[in-house]
1. Of all residues being aromatic (Phe, Trp, Tyr) and part of a loop (DSSP other than H, G, I, E, B) in the range 51-100, which is nearest to ALA18 (Cα to Cα)? Just the residue, please.
2. Would you mind telling me which numbered condition in (1) touching a helix residue (DSSP H, G or I) at 6+ places or on another chain (Cβ under 6 Å); (2) of a type outside the set (Asp, Glu); (3) surrounded by fewer than 18 Cβ atoms within 10 Å (Cβ to Cβ); (4) under 15 Å from ALA102 (Cβ atoms) PHE210 fails?
3. Exactly one condition in (1) crowded, with 24+ Cβ neighbours inside 10 Å; (2) modelled with pLDDT under 90 is not met by THR120; state its number.
4. Condition first: over 18 Å from the mean Cα position of the chain (by Cα) and among the small types (Gly, Ala, Ser). Now tell me which residues in the range 15-39 satisfy that.
5. Go through (1) buried (at least 24 other Cβ atoms within 10 Å of the Cβ); (2) under 30 Å from SER86 (Cα atoms) for LEU167 and report which single condition fails.
6. Among ARG115, ARG153, which is without any contact (Cβ under 8 Å) to a residue 24 or more places away in the chain and either out of contact with any strand residue (DSSP E or B) (no Cβ under 9 Å at 6 or more places or on another chain) or crowded, with 17+ Cβ neighbours inside 10 Å (or both)?
7. Please note which helices (runs of 4 or more DSSP H) are completely contained in the range 103-200 and include at least 1 residues that are of a type in the set (Lys, Arg).
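The values are calculated or read from the model by the stated rules, or taken from the named source; none is laboratory data. Fair warning: this is a prediction, and the values are worked out from it, not measured in the lab. Neighbour counts run over all protein chains shown; Cβ positions are idealised from the backbone, glycine included.
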Amino acid sequence: MKRDMEKVFERPRSLKDARFHYCPGCGHSILHRIVADCVDRLGIRERTIAIAPVGCAVYAYDYFDFDVLEIPHGRPPAAATGIKRSLPDRIVISYQGDGDLAAIGMGEIIHAANRGENITVFFVNNGIYGMTGGQMAPTTLAGQRTTTTPMGRDTARAGNPFRMAELLAGLEGPVFIARSSLDSPKNVLVTERLFEKALRCQMEDKGFSFVEVLSQCPTDWKLSPEESLKWMATRMRDFFPLGVFKDSTAGNMAPRGFVDNPQLREEGRR
């Protein structure tokens, strides 16, 4: 009887006892939990330095119970590079949104990846600028309505959305590039396995690792949390396919239980 009452689910040590400020249904709270779980499981809390983005996750330092720096918009990869080169024994995590990484920070992420910096980047793609009012982001889908594209994104005027995982996979520097989603419990678990694999790449000095995560933004999408999950599973995943796009680690194996697109993996290696 005592065994049945044992606690099996508890707050990770790497998360402070603080209430999240995120909107109902937002993916950041799930991702914070995943990051903290991975850090605890790998036993790297005392060595971890994370970088909080300019965006909805700007207050990440209020939630993670390890060192966190706030860096100017778009510059986390540059700061991560400096930290890792000066303190190579640390595990450096750059946690960024699409406006931060794929807009003002595009040059930073491209060059850090191309150099093969031994850092880990977690890229949160919700297809919109969340913190500043729901404007079009570099990842906003064609036809998607935002506060700056009320009639829908017109690709003739604004161009097409960036597929960051595919873009970075074409570079020589990265060793691990993947995309996952928070649209289902199964994919939440897959995301955690991908995060852990990306962190192991850094721990083993293999080089640059990057995991893009499709995440929900019910508030700025003007959808309910349930509708947001359906939007991700259909519209977002139609344009942003899930999979491992590049894996130069030993064995080229995706994390256990991850069903990806073999064609995409082959294209990512070429």
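1. Once the filter is applied, the top-ranked residue is TYR63.
2. (3)
3. All conditions pass for THR120, except number (2).
4. The one that is over 18 Å from the mean Cα position of the chain (by Cα) and among the small types (Gly, Ala, Ser): ALA18.
5. Exception for LEU167: condition (1).
6. Matching residue, one of ARG115, ARG153: ARG153.
7. 106-115, 155-158
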